[in-house]
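The values are calculated or read from the model by the stated rules, or taken from the named source; none is laboratory data. Quick caveat: nothing in here was measured; it's all calculated off a predicted structure. Methodologically, a virtual Cβ is constructed for each residue, glycine included, from the backbone with ideal geometry; neighbour enumeration extends over all protein chains shown.
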Amino acid sequence: MKQIRAIVFVLLVGCCSFFVTYRLSHTPQASEPQASSQTSDQQCDATLWQYVYHPARLEVLGDPCISVTGSVEEIRKEADGDLHILFHLDQQFESLLNEKNILKQYGDLILEPICQGTVRQADATEPCSGYNGPYFEPQIGQRYLVSGTYVHDIDHGWNELHPVTSMQPIQ
């Protein structure tokens, strides 16, 4: 019986290792161009950047504006007033993820609608002080077409849409 458990354990670990290795080897790094995303400068509002605190921590990747589809998995209210949304991308957009998205954000892209709630972080108070929209009320499980600036968060290492310009529910 112990031998069977050992064999099952080794097979399980092997399968998990293979999956992680495969997934990471087929994920582009942050600096690679992204061909699968829709670009649409008309759908992004560049003036939102004036409300982003410490914008130098965000490196714009590729096109300044992209649109993606997927579904909301989790929503957190951050101290800087932003929402931190785990967004499960539709398959055609998975190339936007990097290793940190996979390992630290459950394989999701981060969406950061800015200045959506009470600001409890001192250095984010001033940037959000004059903000008057857009505001979003995303629902967990809902599918959306989302437009925003595709960035690499240098501090955390993952990729995001930050700031988010629009979130339109879709079927």
Given the conditions (1) of a type in the set (Val, Ile, Thr); (2) under 16 Å from VAL151 (Cα atoms); (3) within 11 Å of the chain's Cα centre (by Cα), and given that ILE114 satisfies all but one, which numbered condition is not satisfied? (3)
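Using the structure shown, decide if PRO55 is of a type outside the set (Gly, Ala, Ser), surrounded by fewer than 21 Cβ atoms within 10 Å (Cβ to Cβ), touching a residue at least 24 places away in the same chain (Cβ under 8 Å) and touching a helix residue (DSSP H, G or I) at 6+ places or on another chain (Cβ under 8 Å).
In short, no.
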Only one of (1) crowded, with 16+ Cβ neighbours inside 10 Å; (2) under 21 Å from SER166 (Cα atoms) is not met by ASN98, so which one is it? (2)
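Would you check which residues across the range 128-145 are free of Cβ contacts under 8 Å to residues at least 24 places away in the same chain and of a type in the set (A, V, I, L, M, F, W, C) and list them?
Scanning the range 128-145 gives no hits.
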Has the range 17-29 got at least one residue that is of a type outside the set (Gly, Ala, Ser), part of a loop (DSSP other than H, G, I, E, B), touching a helix residue (DSSP H, G or I) at 6+ places or on another chain (Cβ under 9 Å) and at pLDDT 80 or above? no
Would you be able to tell me the number of residues in the range 76-104 that are within 19 Å of ARG57 (Cα to Cα) and either touching a His at 6+ places or on another chain (Cβ under 9 Å) or among the acidic types (Asp, Glu) (or both)? 7
From GLU112, GLU99, which residue is closer than 18 Å to GLY157 by Cβ, in contact (Cβ under 8 Å) with a residue 12 or more places away in the chain and either touching an Asp or Glu at 6+ places or on another chain (Cβ under 6 Å) or among the basic types (Lys, Arg) (or both)? GLU112
